[in-house]
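Visitor: Here you go, one structure.
The values are calculated or read from the model by the stated rules, or taken from the named source; none is laboratory data. These figures come from a predicted structure and were not determined experimentally. Neighbour counts run over all protein chains shown; Cβ positions are idealised from the backbone, glycine included.
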Amino acid sequence: MIAQILDIIAPVFLLIALGAGAARLGLLSEVAIDGLMGFALKFAAPSLLFLSVARLDLSQSFQWPLMLSFYIAASISFFLAIILARLLFKRRPGEAVSAAFGALFSNALLLGLPISERAYGVDSLSTNIALISVHAPFCYLLGISSMEVLRRDKQSVVNSVGKIAGAMFKNPLMIGIGLGFVVNIGEFSLPGPALSAVEMLSRTTLPVALFGIGGVLTRYKLAESIAESLVITGLKLVLHPTLVYLFATQLFFLDAQVMRNAVLMAAMAPGINAFVFATMYDRSKGVAASTILLATSASVFTAAGWIWFLGT
């Protein structure tokens, strides 16, 4: 069993380690790493999401019990992180929300997809794609709403939400998802050469992105607020998936394979979006960077633990 689990997760984290090593040794410059991530996030990943959503069986994949299990659990983890940041670490309201975003957002695309595919097979990924298609809108809407309600400065809620809505509509990932829904619902079909080109692009997403993530992680440092980052990491990697498991098995009674994929998605580290959110509001950036580094490193072991617990 241990050898099987290592075979599942080791290639994913080896690619991240290779990217980090290349950056540390100067084999790839920051500009080159940025280029890799730009290609992955602006071209390859949108192609992957477009194809995945376009081919989804929407009636089967979009199950309310699945969405409620995952996103109620994510919300509990987020609000608990805010409370702990306020009470234990004496953070101001806006700082607490920014730090807590790391307990909400899962790196569902770049970590969740490759690990789930290796653990449970490509045929199980409709669960992942369904969750990913609403993940960024849900998390950013909850994070922004909480920030605007709790923080003390006097910036306009309408302006903040408008800026984020505009940014999301321009985001290539969201464009890929949106076009996928259009093709799916409209039952359109792409010309053969165009479809082949998109498929070729999509296949480069995960290896390129994982390598690039390794390079990007070398830019983050462990901040002084290491204890706070450890707490948020624990909420993200342990509490969130535990709650998903309990909701899925004890309340909503999801199909076993759907449950496994949902729990494993919840167990993913927060990824770069935690730092993006902190930068957007210029609050708790050190905590966000530390959480990304700690959670991604720890997920090598926690992801293995969850795969062992859930079975393959």
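Visitor: Take the conditions assigned to a helix (DSSP H, G or I) and free of Cβ contacts under 8 Å to residues at least 24 places away in the same chain and apply them to SER196. Does it pass?
Guide: yes
Visitor: Of ILE9, ILE83, ILE2, which residue is β-branched (Val, Ile, Thr), closer than 22 Å to VAL244 by Cβ and surrounded by fewer than 16 Cβ atoms within 10 Å (Cβ to Cβ)?
Guide: That would be ILE83, the only listed residue that is β-branched (Val, Ile, Thr), closer than 22 Å to VAL244 by Cβ and surrounded by fewer than 16 Cβ atoms within 10 Å (Cβ to Cβ).
Visitor: If you check LEU254 against the conditions, is it assigned to a helix (DSSP H, G or I) and among the hydrophobic types (A, V, I, L, M, F, W, C)? Steps first, answer last, please.
Guide: Numbers: assigned to a helix (DSSP H, G or I): no; among the hydrophobic types (A, V, I, L, M, F, W, C): yes.
Spelling it out, it is not the case that LEU254 is assigned to a helix (DSSP H, G or I) and among the hydrophobic types (A, V, I, L, M, F, W, C).
Visitor: Taking ALA304 as meeting all but one of (1) more than 28 Å from LYS90 (Cα to Cα); (2) not in a helix (DSSP H, G or I), write down the number of the exception.
Guide: Condition not satisfied by ALA304: (2).
Visitor: Here's a follow-up. Over 20 Å from MET259 (Cα atoms), in contact (Cβ under 8 Å) with a residue 24 or more places away in the chain, in contact with an Asp or Glu (Cβ under 8 Å, 6 or more places away or on another chain) and assigned to a helix (DSSP H, G or I): which single residue out of GLY19, GLY94, GLY102 fits that description?
Guide: Working: GLY19 fails: in contact with an Asp or Glu (Cβ under 8 Å, 6 or more places away or on another chain); GLY102 fails: in contact with an Asp or Glu (Cβ under 8 Å, 6 or more places away or on another chain).
Of GLY19, GLY94, GLY102, the one residue that is over 20 Å from MET259 (Cα atoms), in contact (Cβ under 8 Å) with a residue 24 or more places away in the chain, in contact with an Asp or Glu (Cβ under 8 Å, 6 or more places away or on another chain) and assigned to a helix (DSSP H, G or I) is GLY94.
Visitor: Oh, and also: Residue by residue through the stretch 36-60, note down the ones that are over 12 Å from PHE181 (Cβ atoms), buried (at least 18 other Cβ atoms within 10 Å of the Cβ) and among the polar types (S, T, N, Q).
Guide: SER47
Visitor: Confirm whether ALA136 is within 19 Å of PRO270 (Cα to Cα) and buried (at least 24 other Cβ atoms within 10 Å of the Cβ).
Guide: Judged against the criteria, ALA136 is not a match.
Visitor: Let me spell it out: the conditions are (1) modelled with pLDDT of 95 or more; (2) of a type in the set (A, V, I, L, M); (3) surrounded by fewer than 22 Cβ atoms within 10 Å (Cβ to Cβ), and LEU264 meets all of them except one. Which number is the exception?
Guide: Unmet condition: (3).
Visitor: Residue check: is MET280 of a type outside the set (Lys, Arg), surrounded by 24 or more Cβ atoms within 10 Å (Cβ to Cβ) and assigned to a helix (DSSP H, G or I)?
Guide: no
Visitor: Which residue out of VAL208, VAL182 is modelled with pLDDT of 85 or more, over 17 Å from LEU113 (Cβ atoms) and part of a helix (DSSP H, G or I)?
Guide: After ruling out the rest, the residue left standing is VAL182.
Visitor: For SER29, all conditions in the list (1) touching a helix residue (DSSP H, G or I) at 6+ places or on another chain (Cβ under 9 Å); (2) more than 24 Å from LEU293 (Cβ to Cβ); (3) surrounded by fewer than 16 Cβ atoms within 10 Å (Cβ to Cβ) hold save one; what is the number of the exception?
Guide: All conditions are met except number (2).
Visitor: Any chance the stretch 296-306 includes a residue that's among the aliphatic types (A, V, I, L, M), surrounded by 24 or more Cβ atoms within 10 Å (Cβ to Cβ) and under 14 Å from LEU104 (Cβ atoms)?
Guide: no
Visitor: Still on this model: Is there a residue being within 21 Å of the chain's Cα centre (by Cα) and at pLDDT 90 or above anywhere in the stretch 152-169?
Guide: no
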